[in-house]
1. Could you grab me the full set of residues in the range 167-188 that are of a type outside the set (S, T, N, Q) and either under 20 Å from the mean Cα position of the chain (by Cα) or modelled with pLDDT under 80 (or both)?
2. State whether the residues of the range 1-8 include one that is at pLDDT 95 or above, surrounded by fewer than 23 Cβ atoms within 10 Å (Cβ to Cβ) and not hydroxyl-bearing (Ser, Thr, Tyr).
3. Look through Ala73, Ala38, Ala42 and report the one residue that is over 15 Å from the mean Cα position of the chain (by Cα) and part of a strand (DSSP E or B).
4. Take the conditions buried (at least 18 other Cβ atoms within 10 Å of the Cβ), among the aliphatic types (A, V, I, L, M), in contact with a Gly (Cβ under 7 Å, 6 or more places away or on another chain) and in contact (Cβ under 8 Å) with a residue 12 or more places away in the chain and apply them to Leu50. Does it pass?
5. In the range 26-38, which residue that is among the small types (Gly, Ala, Ser) and surrounded by fewer than 19 Cβ atoms within 10 Å (Cβ to Cβ) is farthest from Asp308 (Cα to Cα)?
6. Go through (1) in contact with an Asp or Glu (Cβ under 6 Å, 6 or more places away or on another chain); (2) modelled with pLDDT under 95; (3) of a type in the set (S, T, N, Q) and name the single condition Thr203 misses.
7. Does the range 55-68 contain at least one residue that is part of a loop (DSSP other than H, G, I, E, B), modelled with pLDDT of 95 or more and surrounded by fewer than 21 Cβ atoms within 10 Å (Cβ to Cβ)?
8. Residues of the range 13-25 being outside any strand (DSSP E or B) and either charged (D, E, K, R) or surrounded by 11 or more Cβ atoms within 10 Å (Cβ to Cβ) (or both), which ones?
Amino acid sequence: MNASAPPGTLPTIESSGGDVFDIPSFDGLSIRCARWPAALPAARGTVLFLQGRTEFIEKHLETIGDLRLRGFAVWALDWRGQGLSARQLDDRHKGHVATYDDYLQDLQLLVAGHLKDQAEGPLLLLAHSMGGHIGLRFLHDHPGLFQRAVLCAPMIGIRRGPTGVAARLMATVANILGGDRAYVPSLGPYDHRTRRFEGNLLTSDAERFARTHAHIARDPRLALGGPTLGWLAASFRSIARLHRDAPAIRTPVLIVSAGDDRVVDNAAQHRLHRGGIADCRLETIAGARHEILCERDAIRASFWRLFDDFVGCSAEP
């Protein structure tokens, strides 16, 4: 896939060989999902890909193509409140959820209602950032379902924006006083005019950065702005829950940490590696910013070497 493709030639889920479908969630929201067959005659397995906050399926079509070339069928979804899944607030730019249990229930509906019966070969998990956090909690709740899990810069702790005791207090008070749907202070709606490559915290690859925002320019419904105080409070609660539950996770996990990450807390990843998950390997890619899968070619190549070694496969020539 050409990272520098102009907007008029941007790939779609369908043009990349995928099939889009919606599932109704437990509370009536529509959750957008997609699936792709492996690019080999016989699939090596099936990968469930979980994206991060603000993201959408189209952003990761390059990675999905890489997985298919390795012989994997791939499934993905847009989390509630982002991508083309249903938004919960009138201001669709607000990233909001009241509890991470909502994310987990949506994921369970996809896995139990569709993926388990249609998966080819063993199930693997690949997840980024917030998706890595939700994925770990899902591994805890569903032991033995996935053979292995690879987490890119997982959100085990938050670094960017308000953090620490003051942030927890602010988010808790806002929820008590009914301000949980307000933006986190200093954050607001998506504005393409402020999305400049220079100084961004996500990737050092200008073409991939531009491609993400070209997808949004093509379909503005994909845009998402800052999170709400409710989302922040829910994140803090879920992070605490994850650290309590992690020792019970038995699925082998590879954490790939971004050496130059200024969005999530790498120290929290190391703490989980040392004293949390029983079967956990942690590798750091020097020079990588938060979005490892949207980084420059050399960094992505480093990631795929780690992935291939961990799951025991390689890309087909």
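1. Hits for the range 167-188 are Ala167, Arg168, Leu169, Met170, Ala171, Val173, Ala174, Ile176, Leu177, Gly178, Gly179.
2. No, the range 1-8 contains no residue that is at pLDDT 95 or above, surrounded by fewer than 23 Cβ atoms within 10 Å (Cβ to Cβ) and not hydroxyl-bearing (Ser, Thr, Tyr).
3. Ala73
4. Judged against the criteria, Leu50 is a match.
5. In this case the residue turns out to be Gly28.
6. (2)
7. No, the range 55-68 has no match at all.
8. Scanning the range 13-25 gives Ile13, Glu14, Ser16, Gly17, Gly18, Ser25.
The values are calculated or read from the model by the stated rules, or taken from the named source; none is laboratory data. These numbers were taken from a predicted model, which means no experiment stands behind them. Note: ideal-geometry Cβ built from the backbone for every residue, glycine included; neighbour counts use all protein chains shown.
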